[in-house]
Amino acid sequence: MIKLISYTILTVLTVDLLATSGDITMTWTSPIFSKLYSNDSEVNPFGKPITTDEDSWIGSLINIGAMIGPFPYGFIGEKYGRKIGLLAISIPHIISYLTLAFSRTVYLYYFARLLGGIAVGGGYTLLPMYVAEVAEDSNRGMLSATLNIFWTFGNLIPYVIGPYTPIVWFNVILACVPTSFFILFFLIAPESPYYLIEKNKIPQAEKSLMKLRSQNKKVVENEIEHIQLELKKNTKKGSFIELFKSKIYMKGLVISLVLIIAQQLSGINAVLFYTQEIFEAAGANGLSPEISSIIIGLVIFSSSFGTPFLSDRLGRRLLILISLLGVSLAHLAFGIFFYLQSSTEVDVSSISWLPLVSLIMYFVLFNVGIGPLPWTVSSELFPTSVKPYAATLVSCACWTTSFIVTKFFNDLNEGIGQGGTFWLFGGFCFVAWIFSIFFVPETKGKSFQEIQEILGNR
């Protein structure tokens, strides 16, 4: 049994490297923008400072790519298998980082960020699906939540090495992460047993489960029968249209979309992209913006470790409720600081610590629930036959919302002030909190079939 658990965990930890590859792109801009605004040709590869318009496109083009990515990679994952789809995601990541390392024009940066975004969109589509399908019902929540640990580790890397490393070497180092994933995943990981059984490749599914679970053939045969039973209860061949014909699927889709849109309307990517700039705008707090950003990166990473255990102990629904309410309160505090700073005569020097404390509170509570768990819940709400189509829609909605937030974040700051912007983000989270009280079901420890019955009865 120890061997069974160990190989399943090894497989999940290997695929988690792809999560790290993707989320590096989120905070990549934070240390890079200060270099691209420099007049020093030894620091800035363009030889001249970028404009604010170029800034906004470099930051937001990843989201346009991520809107596109779910569609080709969702198709590849359904047609050729989850493993081939995940391996294919790493290729544009490698190309993107190497292009950023050696480019000397902003247009190649645009291309690299767009290409990296396509890979990110594909990763957020297939990663939760693959992990949910190789895990057992009893530990699916814990293993799915490990994705968030590696996503947040990706957030941390640019904060730590970006400010102190030349752009060329910074991006070459980053390219090593998806390269390592490709080699290890190719050698270690089996195909999803759900995918193989759906395609009626029973011998291959048995081999996959023997590797993942144990050398006890009877245990594997029982799991295959269990999976076949789940698939037989949904005998129709899945299609995109099927999502909208079934009331149960529509309920799952609405819940998934509301949670993932709320995740992005919390302002997460705007905060990640512009962390250093936010601290510069907040003024002195006794620490440099670079050190404050590193502290935030460490908080993001360290706070992600509790979620895998809490999600299977306390449940997805409770953690989402705690998270949404806590994030709303963090935005309230953050908005108060910026409102007092910019719209009143109040001296904020005595509370200069508030932005850092508010962001720490924000990221801890974000990582408890609304960060990782919408992906986990979404991967659990749909049967295998329509899961790729649902995952594609959810991922596309995520990145469309992220593009809107990041592209117009600076415009919002100018239009309603930074205080108003963070209050707006908090308001969105509060509305999602109310929605979750009434409509989000608990999926902890339940099989895919049991979850479908819960949706049917609600």
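On a 28 Å Cα-Cα criterion, which of the cross-link pairs Lys211/Lys247; Lys207/Lys232; Lys245/Lys446; Lys247/Lys407; Lys218/Lys247; Lys79/Lys407 come out too long?
Among Lys211/Lys247; Lys207/Lys232; Lys245/Lys446; Lys247/Lys407; Lys218/Lys247; Lys79/Lys407, the Cα-Cα distance tops 28 Å for Lys211/Lys247; Lys247/Lys407; Lys218/Lys247; Lys79/Lys407.
Most exposed first by the Cβ proxy, i.e. fewest other Cβ within 10 Å, how do Ile149, Ile320, Ile167 rank?
Listing Ile149, Ile320, Ile167 from fewest to most nearby Cβ atoms yields Ile167, Ile149, Ile320.
I'd like to know which of Ile351, Phe408, Val440 lies farthest towards the positive end of the charge dipole of region 324-458, counting +1 on Cβ of Lys and Arg and -1 on Cβ of Asp and Glu.
Ranked along the dipole, the leading option is Val440.
Counting Lys and Arg as +1 and Asp and Glu as -1, each charge on the Cβ, what is the dipole of the chain about the Cα centre in debye, to the nearest 20?
1780 debye
What's the local net charge at Arg140, with K and R +1, D and E -1, over the other residues with C-beta under 14 Å away?
Result for the neighbourhood of Arg140: -3.
From Cα pairs below 8 angstrom and at least 6 apart in sequence, can you work out the relative contact order of the chain, rounded to a whole percent?
Over the chain, the number comes to 24 percent.
At what distance in angstrom do the alpha carbon centres of region 155-193 and region 38-107 lie from each other?
Taking the Cα centre of each part, region 155-193 and region 38-107 sit 14 Å apart.
FYI, it's all coordinate maths here, none of it is from the lab. All values reported here derive from a predicted model rather than from experimental measurement. When we count neighbours, we look across all protein chains shown, and the Cβ atoms used for this are built from the backbone with ideal geometry, even at glycine.
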